[in-house]
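Data block below; observations after.
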């Protein structure tokens, strides 16, 4: 075990891969080159359309131990992961390494496949029941969690080889041009799968809406697609795109959003031409609304917003208070309509948004990012993966990427949840290093990272409840008291990779 | 403090601990921990205990500690009062106050303790007796209006535009002001309609009210905005006060601002605005 830059002990090797301990957000310089296999010569009207998923699995030559990838654009409405994995299990294939961009509660059936040995490891975000199975030691190998940007980087660097990528699409043609922007199961952008399509050995598009060639618009191009399969349904539209995403009505959460926006205004960030990243969480939606109010009041315009796009942001685009929306994933019907119809609502890939080993990504051009956390500590380190009881229940998402990129990274969180303090002496798991976090905003007070002397200087004399993080911590302890630490086992069930491919922390088994 | 700023009186149900814990965060001028309408009879005892612990343990920040007890002629009123008197409460809200006797009964039970009283007027009789209620005891600091019960009492329909309340609102303001105390308007119950809230609050301010009842923390900011002096008002008040000082220095009986005469009440109002502005930290600090 080697101690890394944030003081966590990292094993030398997992699953046969040598680990590099985290060195600092921008301190690991990679070497090597980006390579991919050259496909055989393409011929006139090659037949790509197959009968069913089983035929695709056979033609792709999926064997024991294969690395299989999926995207999570269908979120909790997804049918495709379960369909494909069930077929793989029926064919008696085992020891699959699953490489999804994220998993959701709908993927509960995977737990049984894990127990049967069909799946030996997951490298990807795990939300809900699969995360719980991982935490309680049911998965054979050590799982690997990466940020969205880190996942793209790992694929490009050849750190993980994808044998076969299954890409769900709400519309596709028989040669594999595919999109998520229209069709009964539409979900918007398909950017999470772009890197998989380019680097996987075999690529299968699965759609419930086969359209005449050429499918337009299309994110995934036929040049990368081996096979196309038509199925009855790729997902439950009600759960893919929720009808409404609502601003929080909790007074404390509204207060947090208000503090956050007021802080940004006081440091002079909210001005003509600024940019920010937002999501669908209650607090960040509220912050977006308050920013919108300021833009309208002063009649100024944001240059771009990177989403997590919702109807709220779409309205700002329509009204001219935001020039361009850059959309990695969207959350409601209004956003779906806008992406399809508004030329200033632009689909972006994860590589463009978040890849550290690129020559610049959108995150780096953000003035502000609003992010959440399950825990934050006195060093400003953030945990988004585990709960305070040690259970691994969430993925990283773009957290590390946006935090490292944005000019001001704000963690907007209630100071305690269900009587447990969110601010800790040490977080249970370090997901995102404190050096990339600038401000913690809670309803009890605001703490600025001492590194950001500029922000401290600009907010001198502010009426906002700005205090040292230690002060915020002791204020909180008076309310919640100090909770007991969870009892964890010895076994490392997952590692948390930083976006540059180094390892920032490990997650240990929780005793059931 | 008797005449502290009371722009907002935020109702918090006496049986809702998750809201109580954030009182300082919300920043209302006054909170009313409500033991009356918000709490069903079987829960009265539990709520009373909870409110006691809230008063003793929760950080109130700059917010004034108020409790609405049950009317003294109910089985709960006296028990509520016993609890309140053993706590650090600052202001007691007395619901359904109809006469000076109601206030005097409460005062005799409070004894010598320095606790402020705010009668809530929500019946026709109470409205007619507004002045005698307001002047019943020096500890009465504010009259509040409760429109829901009032409209029921007079047999009128509660409407959005509120014509049925106009006379009662004015009567309450008159009663309060004649006694030299504050007046606080009824609650606005649609928490999703901020524009409506602002409109109604502006109207209340124009009638002479000093504050308004709130049922949700999100209503605090707009109501505070309406009841806080604007920069223009502060600027004007400054000029008036300067002119007043100049007149006094020169021994002039008449105060003039430019070519306009300033009456005494205008000067008093200007002083009040500057005092509020100072308390709210709205006065710009002059470096020179």
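Any read-out appearing in this document is the output of simple, stated calculations on the displayed coordinates, not a laboratory observation. As the structure is a prediction and not an experimental result, all values here were calculated from the model. Backbone-built Cβ (ideal geometry, glycine too); neighbour counts: all protein chains shown.
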## Note on the structure
The simple spin-label model distance between residue A:487 and residue A:389, using points 7 Å out along Cα→Cβ, in nm, is 1.4 nm
### Efficiency of FRET between residue B:148 and residue B:260 - r from beta-carbon atoms, R0 56 angstrom, step 0.05
0.80
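Suppose R0 equals 35 Å; then what is the FRET efficiency for residue A:470 and residue A:364 from their Cβ-Cβ distance, rounded to the nearest 0.05?
0.70
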### Query
Nearest 10 degrees, 0 to 90: what angle lies between the long axis of helix A:80-90 and the longest principal axis of chain A (Cα atoms)?
50 degrees
### Query
Where does helix B:44-57 land angle-wise versus the long Cα axis of chain B, in degrees 0 to 90, nearest 10?
50 degrees
### Task
Only helical DSSP H runs with n ≥ 4 go in: add -39500 (n - 2.57) per run for the protein assembly as shown, normalise by residue count and round the 222 nm mean residue ellipticity to 500 deg cm²/dmol.
-9500 deg cm²/dmol
### Message
Between segment B:1-74 and segment B:164-215, how far is it from one alpha carbon centroid to the other, in angstrom?
### Response
20 Å
### Task
May I ask you to list the residues of segment B:7-39 whose amide nitrogen lies under 13 Å from a point 7 Å from Cα along the Cα→beta-carbon direction of residue B:158?
B:37-38
## Note on the structure
Taking Cα atoms, the helix B:231-249 axis meets the longest principal axis of chain B at an angle in degrees (rounded to 10) of 60 degrees
### Task
Rank B:68, B:245, B:169 by mean-square fluctuation in a GNM of chain B with C-alpha springs under 10 angstrom and give only the top-ranked residue.
B:245
### 27 Å tail of the calculated P(r), segment B:8-227, as % of Cα pairs
26 percent
### Message
Over the Cα atoms, compute the radius of gyration (one decimal) and Dmax (the largest Cα-Cα distance, rounded to a whole number) for segment A:398-473, in Å.
### Response
12.6, 35
#### Entry: For q = 0.17, 0.18, 0.20 Å⁻¹, Debye-computed log10 I/I(0) when each Cα of segment A:53-178 counts as one equal scatterer
-0.87, -0.99, -1.23
### Query
What fraction of the DSSP beta bridges in segment A:1-131 is antiparallel, stated in percent and rounded to the nearest 5?
30 percent
### Task
Would you please give the FRET efficiency between residue B:239 and residue B:113, computed as 1/(1 + (r/R0)^6) with r the Cβ-Cβ distance and R0 = 56 Å, to the nearest 0.05?
0.85
### Query
When Rg is the radius of gyration of the Cα atoms in segment B:231-279 and Rh is its Kirkwood radius, what does Rg/Rh come to?
0.97
#### Entry: Computed over segment B:1-88, Kirkwood Rh from alpha-carbon pairs, angstrom
13.0 Å
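In what order do B:257, B:33, A:285 fall by count of nearby beta-carbon atoms within 10 Å, going from fewest to most?
Values: B:257 18, B:33 32, A:285 25.
If I rank by nearby Cβ atoms, fewest first, I get B:257, A:285, B:33.
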### Query
In which sequence would A:45, B:104, A:23 go, from the one with the fewest C-beta neighbours within 10 Å to the one with the most?
A:45, B:104, A:23
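Averaged over every viewing direction, what's the projected area of the C-alpha convex hull for segment B:142-216? Give it in nm², one decimal, please.
Approximately 4.7 nm², given one-decimal rounding.
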### Query
Rounded, prolate or oblate: which fits segment B:96-164, taking a ≥ b ≥ c as square roots of the Cα gyration tensor eigenvalues, rounded meaning a/c under 1.5, else prolate when a/b beats b/c?
prolate
### Task
Kindly work out what percent of the DSSP beta bridges joining two residues of chain A are antiparallel, to the nearest 5.
30 percent
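Most exposed first by the Cβ proxy, i.e. fewest other Cβ within 10 Å, how do B:154, A:160 rank?
Ordered by Cβ neighbours within 10 Å, fewest first: B:154, A:160.
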### Task
Return the whole-Å distance between the Cα centroid of segment A:316-356 and the Cα centroid of segment A:198-231.
22 Å
### Task
Write down the percent of antiparallel bridges among all DSSP beta bridges whose residues are both part of segment B:133-288, to the nearest 5.
40 percent
### Task
Give me the distance between the Cα centres of segment A:19-76 and segment A:417-458, rounded to whole Å.
37 Å
### Reduced Cα scattering model of the protein assembly as shown, Debye log10 I(q)/I(0), q = 0.10, 0.11 Å⁻¹
-1.06, -1.18
### Message
Report the gain in length on full extension from residue B:202 to residue B:59: 0.36 nm times residue separation, minus Cα-Cα distance, nm rounded to one decimal.
### Response
48.4 nm
### Query
Rounded to a whole number, what is D in µm²/s for segment A:251-486 from Stokes-Einstein with the Kirkwood radius over alpha-carbon pairs (10 °C, 1.306 mPa s)?
88 µm²/s
### Additional length obtainable on full extension of the chain from residue A:35 to residue A:296, 0.36 nm per residue less Cα span
89.2 nm
